[in-house]
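**Q** After the structure tokens below, expect a handful of questions from me.
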Amino acid sequence: MSKTILVTGGAGYIGSHTCIKLLDAGFQVLVLDNYSNSSPEATRRVQQIAGKTVAAIRGDINDAPLLDSIFSSNDIHAVIHFAGLKAVGESVAQPLRYYHNNVSGTVVLCDAMQRAGVKNLVFSSSATVYGDPASLPINEAFPTSATNPYGRSKLMIEELLGDLHVSDPDWNIALLRYFNPVGAHPSGLIGEDPADIPNNLMPYIAQVAVGRRERLNVFGGDYPTHDGTGVRDYIHVMDLADGHVRALEWLNSQAGIRAFNLGTGIGYSVLDMLKAFEKACGKTLDYVISDRRPGDVASCYADPQRAASELDWSARLGLEAMCADAWRWQERNPQGYK
Ligand code: NAD
Ligand code: UFG
């Protein structure tokens, strides 16, 4: 009997790609999503790609009775917890909504897991917990901080999960600190589908390429980087998805709680990304250098060594695949899942 993984937020961008890797690895997948930032169509396409069935439940991680019924009627081995709100600007305007959804939601989820005796958890954290790093590359021992409610919600969750593990060492918890996920499944069937104007670079560039936006605003041209624009560690979402399967295997080693950077270790600037995307789509893309975006750091990239040695995971796909796959998805689905 294959193991069942409960995937909260499994219809979202990273969750849907991870479902494919889980199915390929022989797990059974149960998605719980309230579709606040996604579509049930994503899970339908995941099934089409994998040629396997995914059980999907529409519901909220804050709904304790629903969680109890899910845990009592399924033999869940572990939970991969993607469900959360993720827009930094929105979190500044609506902090209580972010704390309720992300922090309270995680408390309710862990409470239900504890009642059910399910103590294996993979949590979606973020490189945002490193704040403005004092040096690069960033390793997991760097000090953490937050500059906005979204980032603080991730930090608070990491800390509450630490407390949970102290109270009950039977918990096994992987805190996966993602750098900048981009790209899409190579089929072009699933990808990132922002509900509004994209906040993030890659989906914005893709929408310029497909004609939905006029030009890219490059936020700042005077950073201390090789071309003056911000540098990030972009990681292909399929590599990131693979990291979750490795983390599940690691949980079985009864290793306690540990944070892992999931990044490539390579930093690319905004203009590097734009040029690579132009190559992938065969078009020249318009851009203008505008003011810095408040809260942005100049450079951020991972030291991915811990994940390499302890999870036996490292990123394989390079910038060309990231852009080619993002473009295939965008070109074939100009309006996303709609
Ligand atoms: P996403 O918005 O595409 O996916 C999140 C999913 O969770 C969505 O399908 C949404 O409908 C669902 N959801 C939200 N609140 C819920 C709730 N209360 N109950 C049930 N479902 C709920 O985002 P994503 O990019 O796939 O991110 C997944 C996770 O990874 C998030 O926790 C995010 O904070 C984290 N993360 C993302 C990035 C990134 O750049 N994409 C970087 C670092 C960390
Ligand atoms: N950028 C632009 N124009 C845009 C959008 C972004 O120039 O329209 C620039 C930013 O200034 C930054 C780079 O592109 O230099 C990347 O910006 P993103 O918004 O794509 O990503 P961030 O690094 O700001 O943040 C992302 C997620 C966070 C997460 C963080 C680390 O949005 O939630 O990666 O994982 F915490």
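The values are calculated or read from the model by the stated rules, or taken from the named source; none is laboratory data. Quantities reported herein were computed from a predicted structural model and do not represent experimental measurements. Here the Cβ is made from the backbone with ideal geometry for all residues, glycine too, and neighbour counts use every protein chain on show. We work out accessible area using only protein heavy atoms, side chains counted, and drop any ligands, DNA or RNA first. Shrake-Rupley method; radii C 1.70, N 1.55, O 1.52, S 1.80 Å.
**Q** In segment 72-88, is there at least one residue being within 16 Å of ligand 2 (Cβ to nearest atom) and in a helix (DSSP H, G or I)?
**A** yes
**Q** Residue pairs, Cβ under 6 Å, 6 or more apart or interchain, first in segment 124-139 and of a type outside the set (Lys, Arg) and part of a helix (DSSP H, G or I), second within 16 Å of ligand 1 (Cβ to nearest atom) and open to solvent by 40 Å² or more (accessible area, probe 1.4 Å). List them.
**A** What qualifies is Val129/Thr144.
**Q** Here's something else I'd like to know. When both residues are 6+ apart or on different chains and their Cβ atoms are under 8 Å apart, which pairs have a first residue that lies in segment 21-34 and is free of Cβ contacts under 8 Å to residues at least 40 places away in the same chain, and a second that is open to solvent by 60 Å² or more (accessible area, probe 1.4 Å)?
**A** Leu23/Lys52; Gln28/Lys3
**Q** Would segment 109-132 turn up any residue that is more than 15 Å from ligand 1 (Cβ to nearest atom) and within 30 Å of Gly267 (Cβ to Cβ)?
**A** yes
**Q** Find the residue count for segment 170-184, including only residues that are more than 13 Å from ligand 1 (Cβ to nearest atom) and either in a loop (DSSP other than H, G, I, E, B) or touching a Gly at 6+ places or on another chain (Cβ under 6 Å) (or both).
**A** Of the residues in that region, 2 qualify.
**Q** Condition first: more than 15 Å from the chain's Cα centre (by Cα), small (Gly, Ala, Ser) and crowded, with 21+ Cβ neighbours inside 10 Å. Now tell me which residues in segment 2-44 satisfy that.
**A** Ala42, the sole residue that qualifies.
**Q** Moving on to the next point. Among the residues in segment 213-232, are any under 26 Å from Cys281 (Cα atoms), aromatic (Phe, Trp, Tyr) and surrounded by 20 or more Cβ atoms within 10 Å (Cβ to Cβ)?
**A** Within segment 213-232, none of the residues are under 26 Å from Cys281 (Cα atoms), aromatic (Phe, Trp, Tyr) and surrounded by 20 or more Cβ atoms within 10 Å (Cβ to Cβ).
**Q** Taking only pairs six or more apart or across chains, which ones have beta-carbon atoms under 9 Å, a first residue in segment 77-99 that is open to solvent by 60 Å² or more (accessible area, probe 1.4 Å), and a second residue that is acidic (Asp, Glu) and outside any loop (DSSP other than H, G, I, E, B)?
**A** From segment 77-99, the pairs are Arg97/Glu90.
**Q** Looking only at residues that are of a type in the set (Ser, Thr, Tyr) and more than 18 Å from the chain's Cα centre (by Cα) in segment 110-167, which one is farthest from Tyr178 (Cα to Cα)?
**A** My answer is Ser167.
**Q** Are there any pairs with C-beta distances below 8 angstrom linking a residue in segment 281-299 that is within 28 Å of Leu136 (Cβ to Cβ) to a residue that is within 16 Å of ligand 1 (Cβ to nearest atom) and among the charged types (D, E, K, R), with the two at least 6 apart or on different chains, and if so which?
**A** Going by the 8 Å Cβ cut-off, the qualifying pairs are Ser299/Arg232.
**Q** So, in segment 1-43, of the ones that are aliphatic (A, V, I, L, M) and under 17 Å from Pro186 (Cα atoms), which residue ends up farthest from ligand 1 (Cβ to nearest atom)?
**A** Filtering first and then ranking leaves Leu23.
**Q** Let me ask something else about it. Of all residues in segment 129-149, which are among the acidic types (Asp, Glu) and surrounded by fewer than 17 Cβ atoms within 10 Å (Cβ to Cβ)?
**A** Selection gives Asp132 alone.
**Q** Related question: With Ala276, Ala298, Ala315, Ala308 as the choices, which residue is aliphatic (A, V, I, L, M) and more than 16 Å from ligand 2 (Cβ to nearest atom)?
**A** After ruling out the rest, the residue left standing is Ala308.
**Q** Okay, moving on. I need every pair where a residue in segment 229-243 that is farther than 28 Å from Ile49 by Cα has its Cβ under 6 Å from the Cβ of a residue that is part of a strand (DSSP E or B), sequence separation at least 6 or different chains.
**A** Thr229/Val218; Thr229/Ser269; Val231/Ser269; Val231/Ser299; Arg232/Asn180; Arg232/Cys300
**Q** Please find, among Ala302, Ala308, Ala326, Ala298, the residue that is within 30 Å of Ile5 (Cα to Cα) and out of contact with any Asp or Glu (no Cβ under 8 Å at 6 or more places or on another chain).
**A** Ala308 is the lone residue from the list that is within 30 Å of Ile5 (Cα to Cα) and out of contact with any Asp or Glu (no Cβ under 8 Å at 6 or more places or on another chain).
**Q** Pick out, from segment 236-338, the helices (runs of 4 or more DSSP H) lying fully within it that include 2 or more residues that are open to solvent by less than 30 Å² (accessible area, probe 1.4 Å) and in contact with a Pro (Cβ under 9 Å, 6 or more places away or on another chain).
**A** Passing ranges, in order: 237-251, 319-332.
**Q** Could I ask something else about it? Condition check: more than 12 Å from ligand 2 (Cβ to nearest atom), open to solvent by 20 Å² or more (accessible area, probe 1.4 Å), at negative phi and in a helix (DSSP H, G or I). Does Leu109 satisfy that?
**A** Taking the combined requirement at face value, the residue does not satisfy it.
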